[in-house]
Amino acid sequence: MTNEEQILEILKQNQEILQKTHRSAEKTRKYILYNAIFTVVVFMLPLIGLVIAIPIFMETYVSSLDGLI
């Protein structure tokens, strides 16, 4: 095997490893993205619900106290 053939073989191996690494990095990037979206949704939806629900509950509570005072 000549020097050029060895270099070409090494380049082919490096290209295969690079492609595998790229695929793995893309999977990791997508996992992190989906995890971030899920976390925001799970955290923000209850907060938005509370912002809507608390004034309604307070209005009901205060209106029920009006008859007692």
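A short reminder: the numbers here are calculations on the coordinates, not readings from a lab. Keep in mind that what you see is a predicted model, and the values were worked out from it rather than measured. Using ideal geometry, Cβ is built from the backbone for each residue, glycine included, and neighbour counts are taken over all protein chains shown.
Listing for the model above:
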read-out	value
Shape category assigned to the chain from the gyration tensor of Cα positions, a/c cut at 1.5	prolate
Nitroxide proxy distance, nm - points 7 Å out along Cα→Cβ at F38 and A53	2.3 nm
Between helix 3-66 and the chain: long-axis angle, C-alpha atoms, 0 to 90°, nearest 10	0 degrees
The chain: most fluctuating residue of K30, K12, K20 per GNM, C-alpha cutoff 10 Å	K12
